[in-house]
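The values are calculated or read from the model by the stated rules, or taken from the named source; none is laboratory data. Quantities reported herein were computed from a predicted structural model and do not represent experimental measurements. Don't worry about glycine lacking a Cβ; one is built from the backbone with ideal geometry, like all the others, and counts go over all protein chains shown. Ligands, DNA and RNA are stripped out before the accessible areas are found, and what is left, the full protein with its side chains, is counted by its heavy atoms. Shrake-Rupley method; radii C 1.70, N 1.55, O 1.52, S 1.80 Å.
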Amino acid sequence: MKGIGKTLLLIGGTSDIGRATALIYAEAGWDVLLTGRKRSAVQREADDISARTGANVLVHELDILATSRFEDFVGAVSPLPDTAVCVVGELGEQSRAERELEHAAMIMRTNFEGPALLLGLLAERFAARGSGTIVGISSVAGDRGRASNYVYGAGKAGLTAFLSGLRNRLSGSGVRVLTVKPGFVRTRMTHGMKLPPLLTAEPREVAQKIFTVAEGSRGGDVVYVRRIWRPLMTAIRSIPEPIFKRLRL
Amino acid sequence: MEGWGRYPRHESQAIDCKRPEALAGTVAARMGLIGRGNGRSYGDAAIGEHSTLMCRGLSRMRSFDPNDATLTVEGGVMLSDILRAFVPRGYFPPVVPGTKYVTVGGMIASDVHGKNHHRDGGFGDHVSEIKLVVASGETLTCSRGRNADLFFATVGGMGMTGIIAEATFRLRPIESAWIAQKTIVTENLGEALKALQQTEDVTYSVAWIDCLSQGASLGRSLIFAGEHATLDQVGGMPGVDRFAAKNAGMFSLPFDLPQWVLNKTSVTAFNEIYFRAGARKAAKTSLVHWDKYFFPLDGILEWNRLYGRRGFLQHQCVVPAEDALPVLSGMLERFARSGKGSFLAVLKKLGGGSGLLSFPAPGYTLALDLPVTQEVFRLLDEIDELVVKAGGRLYLAKDARQSRHTFEAGYPRLAAFKELRKATGADRHFNSRLAKRLGI
Ligand SMILES: Cc1cc2nc3c(=O)[nH]c(=O)nc-3n(C[C@H](O)[C@H](O)[C@H](O)COP(=O)(O)OP(=O)(O)OC[C@H]3O[C@@H](n4cnc5c(N)ncnc54)[C@H](O)[C@@H]3O)c2cc1C
């Protein structure tokens, strides 16, 4: 297949959503740079995508918790990608996070600190160039803290706020910043959970949505993959705290 | 756990396999294990004696070389994924079975035959290399030149030699996503066999038999002969997209149908309509999308629920060409007389198979579905006698009930297969319910 001369940087290339997203870009003729924690695992995904599509797919080992390496990485990434998508996330275990600081910290750092710092750095280089699209995958769990997963939710809320601020600052600079909230997705992360079919998307559906919004000319800045989430989360956000605290959600 | 026919059902522990690196440990540590692809075999072939290794997670393609159209994939890659990725790029798998929801591992283990078997052989004939995880946990590279005996035991070996971790095979270049199809109408079985003989140099051919018609029209059928349509053919049709990805609409049966739905009247009526519709199209060539030509049943997901909760059996045999007419007529008569409704039977011409336990043998293969009832088991035992007498055999990927006697009579290279199992330690590690039932 002939490339179209554009490059996607996909951070978190071994996740189900990451893999599906990279594949959709590759099918459209993009070159892809995949990152992940373990080289052999990312290489497996890269080979898969390149066999399926004929696209150029490169890999780079990168741990989202190794923030001290980010500057080197962003400095070295060449060519500078046209679009960067970060799908990194870690649900962790809420009950364990309530007892173990280390686990709680890992969840917060993986969902917020790492992605925010990395996307922030990339945004600086995009801004210097005057073009580019930044896509952060956040979560409906960040829209309001709930008993069942507020450590994870707090991390995502942080990311949502960060992206919102970044978008605000870069508005008019040629750099777009998107926040994608997939809702429930059938992935390894949710494997074994009971998911409501109406609210649950497939990884490919999420990927398609990311591609359509990020590479299309129109589309919102904050994207819920299934539309039904927007009114639902608006309703959940508007429940007064005194009542909300008694609900078991 | 159950197969596609939903009969029989057995307890077996499902073990997930997501990463190829984990295979060695999982395999070496277990006895009575069998690999499972997408569970499209009908009976008990993909149900492990104690545990079953779910191989769908081995779903990554490894590499594709456009110079010679060679594709290497992990064993759990689905045929539907290969079609989706490669038809738009101008390639088609060398052999496909009647459903695209099968894995490459399952296709090799069953050495599946397609509508082109008479010309191109089974899927196994197009595989150049297999990476097989054997009983010790070691991964062996098997090909016609390396570990050749293990290679020929694995092709058609129903998972009983090890886990197929990776396989390399060639795709065929195509000029379009369309099949140029000719329909031939035949009034009886004799004509059908003759027509299959005459279409032997056509790439794809298959006969759909109305297995309820009796007497003079016993075995009346529609024969669908097809070739991949050339650029010229497609270009001549206005509005036809060369590599159209169009997928036939899909819906699933939301519940099990009660048994009375499939009775003789409804099936007879269906067949009448089906054959009239086919006859109207006869003689002229039409362009049919690959999805509809090869996988007509895939449009209805979970159609196996059509037969209700008790499940169904598929009977597929092959008999040598010499006395195919009397033998197959005898079988069709028996089926028709029993009134056990099968929508249609499928008749194909086969060439030889290369694996030690490969099903295909030169001759004709007849396949039909029957709902599970007490009488059906008796009926099929009688039919098997006819198969054995004719020197034929039954397809293990469809089997749920044949006797050891029928099996042993049909597979002359069984002894060599068992020997190899012993020599590689596979006899203790890899055992399906089918292997136990048939004493392999
Ligand atoms: C509608 C329909 C139409 C069909 N038409 C045809 C046809 O035209 N021609 C034909 O030949 N067959 C046909 N079949 C049968 C089907 O092609 C085979 O049963 C095929 O093997 C199923 O593949 P699977 O991946 O679902 O394997 P499963 O059913 O899961 O397993 C089948 C066998 O393969 C073994 N196996 C699976 N994966 C591995 C692995 N990774 N390593 C080692 N062993 C493994 C299993 O142990 C088992 O013995 C049809 C089936 C259906 C449901």
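If I stretch the segment between B:Arg144 and B:Asn67 completely, what's the gain in nm (0.36 nm per residue apart, minus their alpha carbon distance), one decimal?
Working: separation 77, 0.36 × 77 = 27.72 nm, distance 2.16 nm.
The span from B:Arg144 to B:Asn67 would gain 25.6 nm if fully extended.
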Checklist outcome for this item: Placing each pseudo-label 7 Å from Cα in the direction of the beta carbon, B:Arg310 and B:Arg9 end up separated by a distance in nanometres of 1.4 nm
Checklist outcome for this item: In nm, the gap between the two label points placed 7 Å beyond Cα toward Cβ at A:Leu58 and B:Asp232 is 4.6 nm
Checklist outcome for this item: From the cross-link list B:Lys194/B:Lys398; A:Lys209/B:Lys115; A:Lys6/B:Lys292; B:Lys18/B:Lys349; B:Lys131/B:Lys194; B:Lys18/B:Lys422, the entries with a Cα-Cα span beyond 30 Å are A:Lys209/B:Lys115; A:Lys6/B:Lys292; B:Lys18/B:Lys349; B:Lys131/B:Lys194
Checklist outcome for this item: With a Förster distance of 51 angstrom and the Cβ-Cβ distance between B:Ala29 and A:Leu232, calculated FRET efficiency to the nearest 0.05 equals 0.65
Next on the checklist: Give me the one-decimal nm value for the distance between modelled label points at A:Phe244 and B:Glu21, 7 Å along each residue's Cα-to-Cβ direction.
Outcome noted: 4.2 nm
Checklist entry - Beyond 24 Å, what percent of the Cα pairs of chain A remain? => result 45 percent
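Starting from 0.36 nm per residue, how many nanometres of slack lie between A:Ala28 and A:His191 once their C-alpha separation is accounted for?
Working it through step by step, the gained length comes to 55.8 nm.
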Checklist entry - Can you list the trypsin sites (Lys or Arg not before Pro) in region A:4-41 that are in a DSSP coil and have 11 or fewer other beta carbons within 10 angstrom? => result A:Lys38
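How many partner chain Cβ atoms sit within 10 Å of a residue's Cβ in peptide A:205-214, on average, as a whole number? The partial results should precede the final answer.
Numbers: counts 0, 0, 0, 0, 0, 0, 0, 0, 0, 0.
What the average comes to for A:205-214 is 0.
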Item to check | Proximal aspartates and glutamates relative to B:Lys264, as straight alpha-carbon distance under 18 Å, when same-chain residues fewer than 8 apart are discounted | outcome: B:Asp210, B:Glu272, B:Glu333, B:Asp369, B:Glu375
Checklist entry - If packing is taken as the mean number of other Cβ atoms within 10 Å per residue, what is the order of A:235-247, A:203-215, highest first? => result A:203-215, A:235-247
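What accessible area per residue comes out for chain B, rounded to a whole number of Å², with a 1.4 Å probe? Intermediate values should be presented prior to the final figure.
On the way: 17200 Å² over 440 residues.
With the other protein chains kept in place, chain B gives 39 Å² per residue.
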Checklist entry - Ignoring ligands and nucleic acids, what accessible area does A:His103 show with a 1.4 Å probe (Å², nearest 10)? => result 20 Å²
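Per-residue mean of other chain beta-carbon atoms within 10 angstrom of the beta-carbon, peptide A:60-70?
Counting other chains' Cβ atoms within 10 Å and averaging over A:60-70 gives 0.
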Next on the checklist: If you take every DSSP beta bridge fully contained in the protein assembly as shown, what fraction is antiparallel? Give it as a percent rounded to 5.
Outcome noted: 60 percent
Checklist entry - Given only helices, namely DSSP H runs of n ≥ 4 each adding -39500 (n - 2.57), what is the per-residue ellipticity at 222 nm of the protein assembly as shown, to the nearest 500 deg cm²/dmol? => result -10000 deg cm²/dmol
Next on the checklist: Checking understanding here: applying a Kyte-Doolittle mean of at least 0.5 and a length along the axis of at least 15 Å (C-alpha), which whole DSSP H helices in chain B pass?
Outcome noted: B:324-338
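Estimate the FRET efficiency between B:Thr265 and B:Ala216 by the formula 1/(1 + (r/R0)^6), using the beta-carbon distance for r and 30 Å for R0, to the nearest 0.05.
On the way: r = 22 Å, r/R0 = 0.72.
E(calc), rounded to 0.05, equals 0.90.
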Item to check | Chain lengthening between B:Leu297 and B:Glu187 when straightened (0.36 nm per residue, less Cα-Cα) | outcome: 37.1 nm
Item to check | trypsin sites (Lys or Arg not before Pro) lying in DSSP loop within region B:287-362, provided at most 13 other Cβ fall within 10 Å | outcome: B:Arg309, B:Arg310
Checklist entry - So which residue, out of A:Gly36, A:Gly220, A:Gly132, gets the largest mean-square fluctuation from a GNM of chain A using Cα contacts under 10 Å as springs? => result A:Gly220
Item to check | Solvent-accessible area buried by A and B, counting both chains, probe 1.4 angstrom, square angstrom | outcome: 1300 Å²
Next on the checklist: Run the Debye formula on the Cα coordinates of region B:71-123, all scatterers equal and no solvent, and tell me log10 I(q)/I(0) at q = 0.19, 0.20 1/Å.
Outcome noted: -0.61, -0.67
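What ranking do B:321-327, A:153-159 get when scored by the average of other Cβ atoms within 10 Å per residue, highest first?
Taking the mean over residues of other Cβ atoms within 10 Å, the ranking is A:153-159, B:321-327.
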Checklist outcome for this item: For chain A, the longest principal axis of the Cα atoms and the Cα long axis of helix A:150-170 enclose an angle in degrees, to the nearest 10, of 50 degrees
Checklist entry - What does the accessible area of B:Glu2 come to, in Å² to the nearest 10, when a probe of 1.4 Å is used? => result 50 Å²
Next on the checklist: Residue by residue through A:41-53, how many Cβ atoms from other chains fall within 10 Å of the Cβ on average?
Outcome noted: 5
